[in-house]
Amino acid sequence: MQLVVGRIGRAHGIKGEVTVEVRTDEPEVRLGPGAVLATEPASAGPLTIENGRVHSGRLLLRFAGVRDRNGAEALRNILLIAEVDPEELPEDPDEFYDHQLMDLDVVLADGTEIGRITEISHLPSQDLFIVERPDGSEVMIPFVEEIVTEIDLTEQRAVIEPPPGLIDDRAETVPGEKTGERPGERPAADSGNGGAGAGGDR
C-alpha cells in the first residue's frame with residue numbers, strides 16, 4: 001500500500017537541501033537515509049534520501065543527485081510516497097495509521113450509529129475525524145481519549161462518548177448562562193491527545 005509520508009517545501013541553502021512537511025509519525029523510519037520514495041507526480045521520482053537533519057524544528061532532507069538550490073527548488077510541492085505493508089501497525093498501541101481508521105463506523109457506547117469516518121484532519125493541536133452522518137451531513141470528532149473511547153479494528157468501529165453539543169444540532173447550555181458560541185459552533189476540544197492519535201501516514 002502506498003501512503004503519503006511528506007511534502008517537499010522550499011529549498012534550504014545552496015547545497016540541495018529541502019524542507020519537508022512531515023506527514024508520518026515515524027519520520028525516522030519513512031524518511032531516513034537510504035529510503036527510496038515514489039513521488040506525485042510520478043515523473044519526479046523515485047527519490048532516494050541521502051541524508052537528513054532537523055534545523056529550527058523543521059526536517060531538512062537532501063536527495064541523491066540534487067546538489068544545488070535550483071535542483072532543490074524544482075522539487076517543491078512534490079509529495080513523497082512510501083510503500084507500507086497494510087497489515088503493519090505503529091509501535092504505540094494507541095496510534096493508528098490513517099488508512100486503518102478510514103471508513104470505520106462511528107457509534108455511541110449503546111450502539112447508536114453516528115456515521116462513518118470519511119477523512120482525518122491533522123491539526124497542530126489534535127487530529128479530527130470527519131464523520132459523514134446517515135443524512136449526508138458531516139460532523140467533526142476530536143480524536144482524543146476522552147471522546148473516542150475505543151478503536152476496534154476487528155469490528156471496524158470507533159466508539160465515542162461525545163460531550164453535549166458535539167454531535168447535536170446546537171450546543172446545550174445551562175438556562176440563563178451566556179455563551180460566546182454562535183449557533184452551530186462546537187465547544188473547543190481538549191488540546192491534548194490523551195495518548196490516542198492518528199498516524200500521519202495516508
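So Pro33 ticks every box in (1) under 28 Å from Asp127 (Cβ atoms); (2) modelled with pLDDT of 90 or more but one. Which box is left unticked?
(1)
Across the stretch 98-111, what is the number of residues that are part of a loop (DSSP other than H, G, I, E, B) and either open to solvent by 20 Å² or more (accessible area, probe 1.4 Å) or out of contact with any Lys or Arg (no Cβ under 8 Å at 6 or more places or on another chain) (or both)?
Number satisfying all stated conditions: 5.
Going through Leu79, Leu75, Leu61 one at a time, which residue ends up being open to solvent by 10 Å² or more (accessible area, probe 1.4 Å), modelled with pLDDT of 90 or more and under 21 Å from His122 (Cβ atoms)?
It is Leu79.
Tell me the residue from Ile147, Ile114, Ile130 that is in contact with a strand residue (DSSP E or B) (Cβ under 8 Å, 6 or more places away or on another chain), in contact (Cβ under 8 Å) with a residue 40 or more places away in the chain, aliphatic (A, V, I, L, M) and open to solvent by 10 Å² or more (accessible area, probe 1.4 Å), please.
Just one listed residue meets the conditions, Ile147.
Take Arg53 and decide whether it is over 25 Å from His122 (Cα atoms), part of a strand (DSSP E or B), in contact with a strand residue (DSSP E or B) (Cβ under 8 Å, 6 or more places away or on another chain) and without any contact (Cβ under 8 Å) to a residue 60 or more places away in the chain.
Against the criterion (over 25 Å from His122 (Cα atoms), part of a strand (DSSP E or B), in contact with a strand residue (DSSP E or B) (Cβ under 8 Å, 6 or more places away or on another chain) and without any contact (Cβ under 8 Å) to a residue 60 or more places away in the chain), Arg53 does not qualify.
Within the stretch 31-50, which residues are touching a residue at least 24 places away in the same chain (Cβ under 8 Å), over 19 Å from Val84 (Cβ atoms) and either in contact with a strand residue (DSSP E or B) (Cβ under 7 Å, 6 or more places away or on another chain) or in a helix (DSSP H, G or I) (or both)?
Scanning the stretch 31-50 gives a single hit, Ala44.
Please tell me if Val66 is touching a strand residue (DSSP E or B) at 6+ places or on another chain (Cβ under 6 Å) and either open to solvent by less than 70 Å² (accessible area, probe 1.4 Å) or among the polar types (S, T, N, Q) (or both).
So Val66 does not fit the description; no.
Any residue in the stretch 15-30 that is aromatic (Phe, Trp, Tyr) sitting within a Cβ distance under 8 Å of a residue that is in a strand (DSSP E or B) and at pLDDT below 90? List the pairs, counting only those 6 or more apart or interchain.
none
Restricted to the stretch 5-58, and to residues that are in contact with a helix residue (DSSP H, G or I) (Cβ under 9 Å, 6 or more places away or on another chain) and among the β-branched types (Val, Ile, Thr), which residue is surrounded by the fewest Cβ atoms within 10 Å (Cβ to Cβ)?
Ile14
The values are calculated or read from the model by the stated rules, or taken from the named source; none is laboratory data. As the structure is a prediction and not an experimental result, all values here were calculated from the model. Note that we place each Cβ from the backbone using ideal geometry, even for glycine, and neighbour counts take in every protein chain shown. For the accessible areas, the whole protein counts, side chains as well, though only heavy atoms, and no ligand, DNA or RNA atoms are used. Shrake-Rupley method; radii C 1.70, N 1.55, O 1.52, S 1.80 Å.
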